[in-house]
Protein chains: 2
Amino acid sequence: MPALLAVDAGGTSTRAVLLDATGRCLGYGTAGAGNPVSRGIEGALASLEQAVQAALTTAGSPAAGYASAVVAMAGASVHSTPGPLAEHLGRLGLTGGLLIEADLLAMFFSGTYQPDGYALIAGTGAVAARIEEGHLAAVADGTGWLLGDEGSGFWIGHQVVRAVVAALDGRGPETALTPGLLAALALVSAAVGRAQGRPETVQRLIDELYALRPVELSRFAPLAFAASDDGVARLILDRAAAALAGTLAAVSDGTVPGPVVFGGSILTHGTRVTAAVEASLPPLLRGGGAPLLVGDGVVGAAVLVLRHAGIAVDADIFGRIRGTLQDLRAS
Amino acid sequence: MPALLAVDAGGTSTRAVLLDATGRCLGYGTAGAGNPVSRGIEGALASLEQAVQAALTTAGSPAAGYASAVVAMAGASVHSTPGPLAEHLGRLGLTGGLLIEADLLAMFFSGTYQPDGYALIAGTGAVAARIEEGHLAAVADGTGWLLGDEGSGFWIGHQVVRAVVAALDGRGPETALTPGLLAALALVSAAVGRAQGRPETVQRLIDELYALRPVELSRFAPLAFAASDDGVARLILDRAAAALAGTLAAVSDGTVPGPVVFGGSILTHGTRVTAAVEASLPPLLRGGGAPLLVGDGVVGAAVLVLRHAGIAVDADIFGRIRGTLQDLRAS
C-alpha cells in the first residue's frame, strides 16, 4: 500500500508527516503558518508546500507520491473549498483524495485513538468538543477574542492589561502585574508628569496597547502566570480555569466518559490553570483518568488519514505513529 | 464687547453657539461629527464650518465676527495642534484667540457654573473627572473599548452579545437577550442545522458580529435595558452601574463635595443604571444634591469661553446661557 500524507496546518506553524498503513512515519517536515484565514491562501499554500516537500525529502523517496491526504485546519477554514489545496498537493505527488478536517479533531486524536471523548484546547483561543465515532458531536466556545474564547491566552492577556490600566487610574487594586506590563512595553513607571488630569504613563500605556492588534494581547498572558502570588493575577487565572471548565462541561452529555485531551499552551504547561480545570472535571470524565496533554495535531492528522483509508487505528498503530514520529522529530 | 464663539465638537455631532459677554446666546448651529480622531481633520473642519456658519447666520450678523473661541473636543484631540482650526476659524470671522478644551470639562460646565465638582459620562465610552478651579484635576477610565470604558454603551452591548453567544452554546444561562439580538440582526433562531458540531445559527451570528467594528457593539446596549426583567440582562446592568460608581469613586478625593454632573445616554435616560449609580455615591457627594443631567457640552463650552474672557460666570449668567440657548434650539 502506498504512503499517506497528514498535515496539521496551524495559525503559527505547519507540520506534515508521510506515513505507511502500519502507522510508521517515514518523513516529517515543518513550515510557518498554514491557515488560510490568518495567513491568506497564497501564504498558506506556500507553507503547505514547504512542509510537504521537507517530509517527502526526509522520507528519502520524493518521487514516490502518496495515495491520500488529510489536512487539519481551524474550524472556519474547513468550510472553504479544498480545490486549490488539492490541486497544489496533486503537483506535490498526491495521487488520491484530499480531506480537510477540523484542527480540533486532529488535536483530539493526537491524544488518543479512541473514537469517543473530549478535547479542550486553550492557546490564543479556547474551544471544547465532544467527539463521537470520530466526529465532532458538539462544540462550545471557539467564538474568537471579541465574543468568547474565555480562559484563553488572549482572554488572560486582555484581563492583565485591563487590570493594570484600572490599577493605574485608581479603579482597581494595585497589582504586581503593573511593573511587569510596563517593563514588557519598555515604559518607565516613575514618570510623574500629568496631562489632562491623567498620569502621562497611563496615556503612553494606552497608546502602546491600542497600537497592537487585539489578539496580540495574548502575549501578556505569561505575566499572570509569572505573578501568580499576586491576588489580582491569581483571580484572573482562577477565572480562566473556571471558564475553561465551564466550556468543557457545556459539551459533556453525561454518557461519553472520556478520555479527555488537553491542548494549547495555557493547559499543557502544568500550571495552576491545568490543575484547577482537572479538579473541576465532571465525575464521569474524572473517572476516565488524567487528561492527555498534546502539543499539536499532527499525530491526530495521521490517525485521521489512516481512519479515512479504512484502517482501524488501535493501540499498536497509535503507539507506532507516536514513536516513529518522535524519532523523526529528534533526528 | 464683541461676541464670543463656543463649539462642542463631538464624535456624532457638532454644536456651535455665538454669545455675548452677558451669556445671551445670539446664534446656534449644528452639523455632523466634528472630532478629528473619529472623522479625520478634513471632515472635522467641514463640520465645524457648517455649524459655525449656521450660528453666524441665525445671529443675523454674519459679517461681525467674534473676539475669541473655545472648541471642546475628546481628550486625545486636545493634544493636537490647534493650528488648522484657528486658521479655519480666522476665515470664518475669528479675530482673537482660540482655545481647545476637553469635552469632559465642557460636559461638566453644561451642568453647573461652580468651578469644583465631578463629571461622570457614559455614552459609547465611560469616563469620570474631578474638576478643581475649572480644570481637570483627576480623570479615571475613558480608556476605550479594549482597555476599559467599563459600564459604557459599548461595554453593555459587548456583554449582551457575549451572554447570547454563551447561552447559545450552552456555556451560559438562557436569556431573553437571545431573541432580541437575533431579531436585531435578522437571524432566524429556529434554524436547526448543525455544522462542525455547532448550530448554524451560532456560526451565522458570529459571522455577523465580527463584520462590525468592535465599537458598533454599543448599538446592542438598548437590548439590556429592554430586557431588564431578565436575570442575565439585569446582572449586566447592575455590573455596569457598579463599574460606573467605581470610576466616579476613583476621582473623588474626599474634599470636593460636588456638584456631580451626569452625561451620556447610559446615565441620562433615567434607567436603573442611573438610579443605582446615584444610590452608591460616596456620602460626601450625595450631600451635594441629585446629579445634574446634561445632554451635551455646548452650554459648558459657552461657560468656558466666558471664563477665558475673564468673565465670572454666576447663577445669573449661567441661567441666561441656558435659557437663551433653549429658545434658539426651539426656534
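The values are calculated or read from the model by the stated rules, or taken from the named source; none is laboratory data. Keep in mind the model is a prediction, meaning the values are calculated, not measured. When we count neighbours, we look across all protein chains shown, and the Cβ atoms used for this are built from the backbone with ideal geometry, even at glycine. Note: areas computed on protein heavy atoms with side chains; ligands, DNA, RNA excluded. Shrake-Rupley method; radii C 1.70, N 1.55, O 1.52, S 1.80 Å.
See the values below:
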item: Carbon and sulfur %, accessible surface of the protein assembly as shown computed with the full protein complex present, 1.4 Å; result: 54 percent
item: Cα Rg, Dmax, the protein assembly as shown, angstrom units; result: 29.9, 98
item: Drop in accessible area of at least 40 Å² in the complex versus isolated chain, residues of region A:144-177, 1.4 Å probe; result: A:Trp145, A:Leu146, A:Leu147, A:Arg162, A:Asp169, A:Arg171
item: Where chain A is the region considered: accessible area per residue in Å², 1.4 Å probe; result: 39 Å²
item: At 7 Å out from Cα toward Cβ: B:Gln326 inter-copy label distances (nm, ascending); result: 8.1
item: Shortest-first distances to equivalent copies, position B:Leu235, nm, label 7 Å out along Cβ; result: 1.7
item: Chains B and A together, accessible area buried on both sides, 1.4 angstrom probe, square angstrom; result: 3300 Å²
item: Anisotropy class of region A:2-53 from Cα gyration tensor, a/c 1.5 cut; result: prolate
item: Angle in degrees between helix A:200-210 and the longest Cα principal axis of chain A, rounded to the nearest 10; result: 20 degrees
item: Approximate shape of region B:7-139 as ellipsoid semi-axes (Cα gyration tensor, √5λ), whole Å, largest first; result: 24, 18, 13
item: Computed helical MRE - 222 nm, chain A, DSSP H runs ≥ 4 contributing -39500 (n - 2.57), nearest 500; result: -13500 deg cm²/dmol
item: Residues along region B:110-141 losing 40 Å² or more of accessible surface when the other protein chains are present rather than the chain by itself (probe 1.4 Å); result: B:Val139
item: 0 to 90° range, to nearest 10: angle between helix B:153-168 axis and chain B longest Cα axis; result: 10 degrees
item: Chain A - percent relative contact order, Cα under 8 Å, separation 6 or more; result: 21 percent
item: Region B:98-199: GluC sites (Glu not before Pro) in DSSP coil with no more than 16 other Cβ atoms inside 10 Å; result: B:Glu133, B:Glu174
item: For A:Ala16, net neighbour charge (Lys/Arg +1, Asp/Glu -1) across residues whose Cβ lies under 10 Å away; result: -1
item: C-alpha long axis of helix B:41-59 to longest principal axis of chain B, angle in °; result: 50 degrees
item: For B:Gly83, label point 7 Å along C-beta direction: distances to other copies, nm; result: 5.2
item: Peptide-level mean, for A:246-252, of C-beta atoms on other protein chains within 10 Å; result: 3
